[in-house]
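Structure, as structure tokens:
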Amino acid sequence: MVVAANPAKLLSVTANSPIPTRRRPALFLDRDGVLNEDRGYVHLWEDFCWVPGAQDAIAAFNRAGWLVFVVTNQSGVGRGYYTEEHVKALHGRMAKALEDVGGWVDAFYYCPDHPQAVDLRYRHPDPPDRKPNPGMLLRAMSEWPVNADLSLMIGDKDGDLEAGRRAGVRARRFEGGDLLEFLAQELTRPYPG
Ligand SMILES: [Mg+2]
């Protein structure tokens, strides 16, 4: 369920790399309602509308040396509203748009599962990757050199914040407005590196 935005970047920091990698702060971003307007089960680029400041916020955290991850519940897949291909294609378009502002998402994690999924492949009584469960964050932390103590989860729902806390990551609720303005104070904190 993970699509690396740039495989070359992924290879450069794998756990088995002979080059020692420093653990870095990670910005975990919920998608719908944080990066794009939550219009309900968004899965087509035509319906995708960036939240103001979202692309610039991602690029700013990239430049500051943070890892940036999207962690998004996509139960619309399990419910049969759209497919994983839609999710991957949309994330591809997001990645392309971010390139234009010099930004990137290090990895997109999504959870298609739901307790009432119509497609049995996606039905699980309590999907471990579905927020408020912390599975997607824990996976990112196992696949990338993340310093959890310095990391941050941003979401618009209680479940996002709970997932962050259960992964041992500080969590803040974004209630709308400009995402870069909301996050700017985080970049002024000292980053011991
Ligand atoms: Mg949301």
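I want to confirm something. Restricting to region 162-192 and keeping residues that are touching a Leu at 6+ places or on another chain (Cβ under 9 Å) and part of a loop (DSSP other than H, G, I, E, B), which single residue is nearest to the ligand (Cβ to nearest atom)? My answer is 174. Checking region 42-52 against the condition returns a match, with at least one residue being closer than 27 Å to residue 180 by Cα, aliphatic (A, V, I, L, M), surrounded by 15 or more Cβ atoms within 10 Å (Cβ to Cβ) and modelled with pLDDT of 95 or more. Annotation: of all residues in region 125-161 being touching a Cys at 6+ places or on another chain (Cβ under 7 Å) and either of a type in the set (Lys, Arg) or assigned to a loop (DSSP other than H, G, I, E, B) (or both), the one that is farthest from residue 25 (Cα to Cα) is 127. Could you tell me whether region 99-114 includes any residue that is over 14 Å from the mean Cα position of the chain (by Cα), of a type in the set (D, E, K, R) and in a helix (DSSP H, G or I)? Checked against the condition, which is being over 14 Å from the mean Cα position of the chain (by Cα), of a type in the set (D, E, K, R) and in a helix (DSSP H, G or I), region 99-114 yields at least one hit.
Quick check: anything in region 142-152 more than 14 Å from the ligand (Cβ to nearest atom), among the β-branched types (Val, Ile, Thr), out of contact with any Phe, Trp or Tyr (no Cβ under 6 Å at 6 or more places or on another chain) and within 22 Å of residue 33 (Cβ to Cβ)?
Filtering region 142-152 for residues more than 14 Å from the ligand (Cβ to nearest atom) gives 142-152.
Cutting the leftovers down to among the β-branched types (Val, Ile, Thr) gives us 146.
Those still in the list that are out of contact with any Phe, Trp or Tyr (no Cβ under 6 Å at 6 or more places or on another chain) too: 146.
Next cut, within 22 Å of residue 33 (Cβ to Cβ) only: none.
For region 142-152, residues more than 14 Å from the ligand (Cβ to nearest atom), among the β-branched types (Val, Ile, Thr), out of contact with any Phe, Trp or Tyr (no Cβ under 6 Å at 6 or more places or on another chain) and within 22 Å of residue 33 (Cβ to Cβ): absent.
The requirement of being within 19 Å of residue 68 (Cβ to Cβ), touching a Cys at 6+ places or on another chain (Cβ under 8 Å) and away from the ligand (no atom under 16 Å from the Cβ) is not satisfied by residue 103. Remark: pairs (first residue in region 19-43, in a loop (DSSP other than H, G, I, E, B); second residue aromatic (Phe, Trp, Tyr) and within 15 Å of the ligand (Cβ to nearest atom); Cβ separation under 7 Å; 6+ apart in sequence or on different chains) = 34/174; 35/50; 42/48. Residue 68 meets each of the listed conditions (1) part of a loop (DSSP other than H, G, I, E, B); (2) away from the ligand (no atom under 16 Å from the Cβ); (3) within 20 Å of residue 163 (Cα to Cα) apart from (1). Say we look at region 17-41 and pick out the residues that are among the basic types (Lys, Arg) and more than 14 Å from the ligand (Cβ to nearest atom); which of these is surrounded by the fewest Cβ atoms within 10 Å (Cβ to Cβ)? Among those that are among the basic types (Lys, Arg) and more than 14 Å from the ligand (Cβ to nearest atom), it is 22. Does residue 69 satisfy the condition of being in contact with a His (Cβ under 6 Å, 6 or more places away or on another chain), of a type outside the set (Val, Ile, Thr) and buried (at least 20 other Cβ atoms within 10 Å of the Cβ)? Considered against the rule, which asks whether it is in contact with a His (Cβ under 6 Å, 6 or more places away or on another chain), of a type outside the set (Val, Ile, Thr) and buried (at least 20 other Cβ atoms within 10 Å of the Cβ), residue 69 comes out as no. Annotation note: Cβ proximity below 7 Å between a residue of region 58-78 that is at positive phi and a residue that is basic (Lys, Arg) and surrounded by 19 or more Cβ atoms within 10 Å (Cβ to Cβ) (sequence gap 6+ or interchain) occurs for 65/24.
The values are calculated or read from the model by the stated rules, or taken from the named source; none is laboratory data. The shown structure was predicted, so the numbers you read here are calculated from the model rather than taken from an experiment. Note that each Cβ is placed from the backbone with ideal geometry, even for glycine, and that neighbours are counted across all protein chains shown.
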